[in-house]
Amino acid sequence: MRKMPLGVVLFCALYIGCNSSRHADNDLGTIFDEIRVSITHQEWDIALEMLKFTQLRHAEYYYLLSHTYAGMALEQDRDSAGVNPEFYLKASEAMEKAISLDSSFSKIMDLNPYDKLGLIWGSLALSYLFENKYDKAQWCFEEGKQRGAFYEAYLDYGYNLLSSCQKNGILLTSGGIDTYAALYWQIVSNYRRDVTVICLQNLDNKKFVQHLSSRGVDFGLCDDFRASISNQKNPFTQPYLHQLKNAGFMITIPDRSQKELLFVQDVLLVNLVNANYRSRPIYFSSAVSKQGLYAFNNVLTLEGLVKRLTADVAGDAVEKRVCFESLEVNLLKTYNYDGLLNEHTSENKKSSELQNHYVSVLLSAINAFLFKEDYENAAPFISKLENVFHSVEGTIKVDF
C-alpha cells in the first residue's frame with residue numbers, strides 16, 4: 001500500500017489545527033478537492049487516509065468514503081482469487097449514511113447516490129457470477145434492493161433493455177445501470193436469460209471473459225491467444241479498413257489521431273462480433289458511448305433503448321439507421337414507464353440520468369419521422385414524450 005505523502009499529512013494536520021471558523025468552509029472544500037483528485041487517480045489508500053483527517057461528517061464525506069471503498073473493492077477483486085465482500089459492504093454502508101443525511105443531493109462526483117448504490121451491489125453480484133455462484137449473486141441483488149438500490153425506474157430500464165432483444169441475443173452494455181438492471185431481471189426474476197449480457201468495460205477482466213467462455217460465448221480466439229492480448233499503441237496512421245471475414249462486412253478502425261491506444265476491449269469486441277454476427281443478434285445499449293461503440297457506430301440501427309448491429313440492411317440512409325417498426329413496438333407498446341411516471345409524484349427524483357436515455361431515443365424517433373415528413377406516425381411518439389416527461393423542451397433535432 002502506498003504511503004500518504006508527507007505534504008498531504010502536514011496539510012491535513014494544519015487543517016485539523018485550524019480553529020478559525022472563518023476559514024473552515026474553504027479548508028474543507030480544499031481537502032475534499034484533494035480527495036477527489038486521489039479518487040480520480042485511483043489512489044484509494046491516499047483518499048482514505050485524507051478522509052480520516054476530516055472532522056465534518058456530512059453527506060459529501062460519506063459519498064466520497066463510499067466511492068473510495070468501492071474502488072478498493074474492485075481493485076481487490078482484480079488482484080485476488082476469491083470474492084471478499086468487506087469493502088463492498090463498507091461502501092454500501094457509507095452511501096446509505098450519505099442518503100440518510102441528505103437524500104436530495106443528486107450529483108457530487110459522477111452519479112446520484114442511488115445509482116452508485118446500485119453499482120456497488122451490482123459489482124459484488126457480478127464478482128460472484130464470475131465464479132458461477134448464482135445464489136450469492138441473487139442475494140446481492142435482493143439485499144441491495146432492500147438497502148435502496150435498484151429502484152423502480154432503474155429496474156424498468158433493465159426490463160426494457162432485455163425486452164428489446166430478440167431470442168438468443170447478445171446485449172453489450174456500458175458497465176453502469178444498464179448492466180446491473182438487466183442482470184437483476186435475469187438473476188432474480190429469471191427473465192430473458194436467453195440474452196447474454198456482456199459488459200464492455202469488463203472485457204479486459206480475465207475472470208469475466210473466462211466466465212463468458214464457460215457459458216459458451218464465442219470470441220473466435222483460442223484461450224492462450226486471448227489471454228495474451230494487451231493494450232497497445234494504435235499502429236494505424238490513417239483510418240484502416242478491416243474485413244470481418246466471418247461476419248461478412250468491413251469496419252473502419254480509427255487512426256492514431258482519433259484513438260491513440262487500442263484496448264483489450266476493442267480487440268475482443270471486434271472478434272466477438274466477427275464470431276457471432278451471423279448466428280446471434282447483437283445489440284448495444286443506449287448507455288454505451290460513441291467511444292464504446294468503437295468501429296461499429298456506422299453499422300447500427302436504432303430500435304429503441306438499443307441499437308442493433310445491422311451491417312447488411314438495405315434502404316435509404318434513414319432506414320439503415322432507424323427501424324421504424326421496432327421503435328413503435330418497443331417505445332409505444334412494450335416498454336414499462338411506471339417507475340418514471342411514479343417519480344413525478346415523489347419529492348425524491350432518482351432517475352434523472354435514466355430520463356436522458358429515454359428522451360434521446362424518443363427525440364430520435366420523432367426526428368426520423370419528421371425527416372420523412374411522416375407527421376402522422378411522429379405524433380404518438382410526441383404524445384409519449386409529453387405524457388411521460390410532461391414537456392418537450394428544446395428543438396427536436398437529434399443525430400440518429
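Nothing in this text is a laboratory measurement; each read-out follows from the coordinates by a stated rule. Remember, it's a predicted structure, so these values are computed and weren't measured experimentally. Cβ coordinates were reconstructed from backbone atoms using ideal geometry, including for glycine residues, and neighbour counts include every protein chain displayed.
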Completion exercise
With a ≥ b ≥ c from the Cα gyration tensor eigenvalues, square-rooted, and the rule rounded for a/c under 1.5, otherwise prolate when a/b > b/c and oblate otherwise, the stretch 209-316 is oblate
Completion exercise
Everything considered on the Cα gyration tensor (a ≥ b ≥ c; rounded for a/c under 1.5, else prolate if a/b is larger than b/c, else oblate), the stretch 60-178 must be described as oblate
Practice task
Any chance you could check the Cα centroid distance between the stretch 178-201 and the stretch 48-98 for me, in angstrom?
Solution key: 26 Å
Practice task
Starting from the Cα-Cα distance between residue 325 and residue 214, subtract it from 0.36 nm times their residue separation and give me the gain in nm to one decimal.
Solution key: 36.4 nm
Fill in the blank from the handout: Applied in sequence order to the stretch 32-46, the curve 6.51 cos²θ - 1.76 cosθ + 1.60 (Karplus, θ = phi - 60°) yields integer Hz couplings, x standing for Gly and Pro, of 5, 4, 5, 5, 4, 4, 5, 5, 4, 8, 6, 9, 5, 5, 5
Exercise for the section: Treat every Asp and Glu Cβ in the stretch 237-304 as -1 and every Lys and Arg Cβ as +1, leave all other atoms uncharged, and give the resulting dipole magnitude about the Cα centre to the nearest 20 debye. Expected result: 160 debye
